[in-house]
Structures are given as structure tokens and as C-alpha cells.
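First comes the structure, then the notes that go with it.
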Number of protein chains: 2
Amino acid sequence: MPSSRTTTAKTRSKPADHRRGEKAGSARAPQPAKASSSEPASSRAERAAGRRQAIIDAALDEFISRGFTATRLDDVAKRAGVAKGTIYLHFKDKESMFEELIRTALVPLIGRLHAPPAIGGSVRDAIEGFARTFVQEVASTRRGEIVRLIVAEGPRFPSIADFYYREVVSRGLAAIRALIELGVARGEIKQKNLARFPQILVAPALIAVIWQSLFGRHAPLDATEMLGVHLDMIFGERRTA
Amino acid sequence: MPSSRTTTAKTRSKPADHRRGEKAGSARAPQPAKASSSEPASSRAERAAGRRQAIIDAALDEFISRGFTATRLDDVAKRAGVAKGTIYLHFKDKESMFEELIRTALVPLIGRLHAPPAIGGSVRDAIEGFARTFVQEVASTRRGEIVRLIVAEGPRFPSIADFYYREVVSRGLAAIRALIELGVARGEIKQKNLARFPQILVAPALIAVIWQSLFGRHAPLDATEMLGVHLDMIFGERRTA
DNA sequence: CAAATATGACTGACTGGTCAGTCATTGTCA
DNA sequence: TGACAATGACTGACCAGTCAGTCATATTTG
């Protein structure tokens, strides 16, 4: 619905290539370096990559603080230090840019979920590790806002909601469920039914993220403490206070 | 004094149509707040109230499915079966209309929170009652979407977030906290620290609402079942499986 | 009680500003 | 120098908010 009016495309003489953001820089060197204050030896490709990254960062900030529709690409361009036209060298349009950003922003999260499962240690330690990682990497960073952004815009971007469900939610819940079942088998967790709703285990973590976005300035919430209490409830009181 | 403003264009052709009499459209709300159903013939004031209600319903639907910025007041007017100008007879502008709608939509929720506390029955029963009410009145109605809308637009409407925190969240959590403390005192709840974070108790309920909005069509979630399991975790396994 | 008059709810074309997306021009590197 | 990256002025759609005009209803008058 938003801006689908490109129908009048006149198929300009330009080669129809137009690399979409999608896979463009997949083979790039693992050293984006972001906005390089100094420009030592930058090849054209490297500078292009740097600009692309600047656009991504700027756009993410704008989308987070304004939402999809209210974000102006003029502002994104200004913040990224490029002209508006440059954005269209990297992304097809506002909508696909938004979708790609959300997808990309999630990749790091997915990686963390595949952390080594607790084979040696206790299940509680494993989950505690997840919780700590979550607080550090999500709750107290921009990524937390991205989670809120998904909640906010998901219904209007079904493809994002679907992608998110497939790539993050279903996998994450499956991993958590496996851990819960292990915990039940080992006797660490009493509630057998918990494995049926792994959502219960992650719910406080998500609430913490949303809370910070909405009420954080007014009534900060100690996410680490809260998650600790929650784990005590699942596994029983901690041995040492 | 005859304004000369319209002089440029000679008196336009009359608007032709002008449906009068029955308001045909979806104007009539399924739940007339006023006693408009009693009187077949509506007075001017009554019709105005009916229109106002139609606008409110239409606007809420549009805001829910599109968000604040992407909602067009032309669409709201069309859906309500009124002209756009009519909206401005009832609301100052789009923003204050949005704020008023969100506030109004919450009033019924607040009422429920002040339900009779469990003096006679068990704390678990009281909380179970809350949960049941929540599922019936929020999770499975449009109000659930309003919760999501607040999460989505809250950061851009601090006054809404503040209002919501003051009127709903802080009061609701205080009530829950009191119940938890009662439960701890009675020995129904083991985890004493739970009272420090009443958020843990309501977290799964909110997650259920958000889940339905985002993934409901793809992977429906049995909120009642989940909340039941969660309560089992807090109070201990239910007597009868 | 009916006709005349006043009221104001309602309308929708219109204005002014905004912004996504384009493309002719300019700049830069290999 | 040729190819391509980058620019930013420009276009046209879009939409919040306005207001002169309309007419059903309410009120007053004869």
C-alpha cells in the first residue's frame, strides 16, 4: 500500500541490472569499518560499501525513532551524509529497503541462538547464559528497538513477520524447547508442561525490552534482576543468595 | 459580508447526490453507547452522537491496521460514512484524535482491574479470574490490537505512554503485586521475590496478545492453555490434570 | 397551526505543504 | 578519457486541514 505507484515505470534505456541490495556485497571483505573518518586507501568498491553501511545505519536509526511511514528518505540521506539519489543506487525503494534492514539486523541475533548447547553444564547455566547475552546484546542496544519495530510494523509487512517467524522465532523456540526438555529429563525443571509453551520462558525478556522502550525513562527496569527471579521460579530458588 | 473568495469560479454545479434520510453506510455501530435504539426518529443531537461514535469506530479500525501516520482521514471518513470535514467538528486534529481514542479505549480495561480482590477465595483463583477476563476481553478482541498499537506508537507519543503508564500499568502492577504478596503470605506462592517483579506474572499474557497480532494466522497460540501452564509454574502443579 | 426565519451540522472541493522517486548533470577513478 | 558513481533540483502524487455553501431541523412569528 505505501508507495506502490511505480507502475508508470518507463523502462529507461539503462541496463536493467540495478543491483538490489539483496546480495550485492555478500563477498565483501569482513572489514566495513563504517564511517571512516580518514580515507587512507579506499578503492571505489570500498567507498561504495562504506556509503552503503552509512545509509543502513542512518536508516535504521530513523526507522526506529519514527516508524516506517513517518521516516523521510531525505533525512536518512542527510544523516548518512549522501544525496538522496545515492540511496536508490543501493535499494530499490523505501519499502524493500526497510524489509532488508530488518532482515539484516536480525542475522546477528540468529547466530547467538546457535551457541553451544549445555552438554556439560547445567541447563540453568545454559539458559542463564542466553539471558545474559540477551540483556547485553539486545535489551541494552539498538537491537531492542528493532524488536519493538517488528511488533509495530509487522502487521503491515507480512513478509517481515513471516521471515521473522521462520528464521528467528520458530528456531529460537525450538532451541529453548529442547533445553527445557533436557531440564525436565534431568530433573532440574519440575513443570513438564513448560516445554509446550517455551514462550513463557522468553516472555519476561521481551517484556523487558518493550518496557525500556515505553517506560524506561520514567521507570527503569532492571532486566537482569527480573530474569534472575524468573529463572528462580522455573528452576527453584538459587542455592546461594 | 459576501466573501469574494469564490468569485474566481462561478457558482459550481450543485453536488447532485446528497443522500439524505437513512444513513445507509456502516454508520450505526453495533454497540450504540447512547440509547439511540429506543427512539426510531433521532434528534439532531442524537444523530450527532451516532456520527461521532461511527467516526471513533472507523478511526480505531484504521489506526489499528495502518498505524498513526499511514492512516488517511479520508479513509476514516469514508468508512464512517461522513465527510472529512465532519471529523473536524468532533476532533481538533489527527493527533489529538488519536490520543483521545487510545485513552478512551483503555477506560474499559481499567475498570476490570478494580474487580473484587480475592478475600474469600484463593489467590490463584483470583489471578485465574483475571487471566480469563483478559483472554476474553483483550486477547480475543480489538483491544488486543490496541495494546500492540500502544507499543508501536508509544515512543512517538510520549503523552500516551505516560498516560498509559500512570492509568493502567502502574495501577495494574500494584494490584498484581498486592495479590502476589497475599499469595506469599498465605503460602500459595513460594517465590518471595516475585512480588518485586509483577511484570513476570503478566508477561505471558502480553506475549500472547502480541503473538496473535504477528503470527496468529500462521501459528495460533492457545492463550488460555499457556496462561494455565504459567500459573501452574507459579503456584505449583494443579491438583487435577 | 402554518409560514417565515434562524441555526448549525454537514459537506467536499480546494489549498498549501510534504515527500518518494527520477534523471540530466557533474564529479571521480582506473 | 571512458565508464560509472554521485548529486540534488525537480515532478507529481498525496493528504491534513479549511471554509463557503447547503439544507434539515428548530424556533419564532402571524
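Each residue of the range A:62-75 was assigned a 3J(HN,Hα) from its phi angle through the Karplus expression (A = 6.51, B = -1.76, C = 1.60, θ = phi - 60°), giving 5, 4, 5, 8, 10, x, 5, 5, 7, 6, 9, 5, 4, 5 Hz with x at Gly and Pro. Using a 1.4 angstrom probe on heavy atoms only, work out the carbon and sulfur share of the accessible area of the range B:140-241 in %. Summing carbon and sulfur atoms, their accessible area is 54 percent of the total for the range B:140-241. Just list whichever of A:K92/B:K94; A:K84/B:K92; A:K192/B:K192 have alpha carbons separated by over 25 Å in the model shown. The answer is A:K92/B:K94; A:K84/B:K92.
Restricting attention to the range B:141-238, which trypsin sites (Lys or Arg not before Pro) occupy a DSSP loop and are surrounded by at most 14 other Cβ atoms within 10 Å? For trypsin sites (Lys or Arg not before Pro) across the range B:141-238 that sit outside H, G, I, E and B with at most 14 neighbouring Cβ atoms in 10 Å, the list reads B:R217, B:R238. Pairs of Cα atoms nearer than 8 Å and 6+ residues apart set the relative contact order; for the range B:95-235 it is 31 percent.
Return the FRET efficiency for the residue pair B:H218, B:K92: r is the Cβ-Cβ distance, R0 is 41 Å, and the value is rounded to the nearest 0.05. Kindly include the intermediate steps, with their values, before the conclusion.
Details: r = 40 Å, r/R0 = 0.97.
Result of the calculation: an efficiency of 0.55.
Entry note, the range A:36-91: relative contact order of 34 percent, from Cα contacts under 8 Å with a spacing of 6+ residues.
Kindly identify the range B:110-241 as rounded, prolate or oblate by the Cα gyration tensor criterion: order the square roots of the eigenvalues as a ≥ b ≥ c, call it rounded if a/c is under 1.5, otherwise compare a/b with b/c, prolate if a/b is larger, else oblate. Oblate. For the chain pair A and B, the interface hides roughly 4200 square angstrom of accessible area in total, found with a 1.4 Å probe. Taking every residue in B:191-204 and counting other chain Cβ atoms within 10 Å of its Cβ, the average works out to 6. Projecting the Cα positions of A:L182, A:V147, A:G236 onto the charge dipole of the range A:130-241 (unit charges on Cβ atoms of Lys, Arg, Asp and Glu, taken about the Cα centre) puts A:L182 furthest along the positive direction. The modelled label-to-label distance for the pair B:E137/B:R72, using points 7 Å beyond Cα in the direction of Cβ, is 3.7 nm. In straight-distance terms, cross-link reach from A:K78 covers every one of the aspartates and glutamates whose alpha-carbon lies under 14 Å from its own, apart from those fewer than eight places away in the same chain; here that gives A:D57, A:D61, A:E62. The distance linking the range B:191-241 with the range A:207-235 is 16 Å (Cα centroid to Cα centroid, whole angstrom). Couplings 3J(HN,Hα) for the range B:163-174, derived from phi with the Karplus relation 6.51 cos²θ - 1.76 cosθ + 1.60 (θ = phi - 60°), are 4, 4, 4, 5, 7, 10, 5, 5, 5, x, 5, 4 Hz, where x marks Gly and Pro.
The values are calculated or read from the model by the stated rules, or taken from the named source; none is laboratory data. All values derive from a computational prediction rather than experimental measurement. Note: ideal-geometry Cβ built from the backbone for every residue, glycine included; neighbour counts use all protein chains shown. Side chains are part of the model used for accessible areas, which takes the heavy atoms of the whole protein and leaves out ligands, DNA and RNA. Shrake-Rupley method; radii C 1.70, N 1.55, O 1.52, S 1.80 Å.
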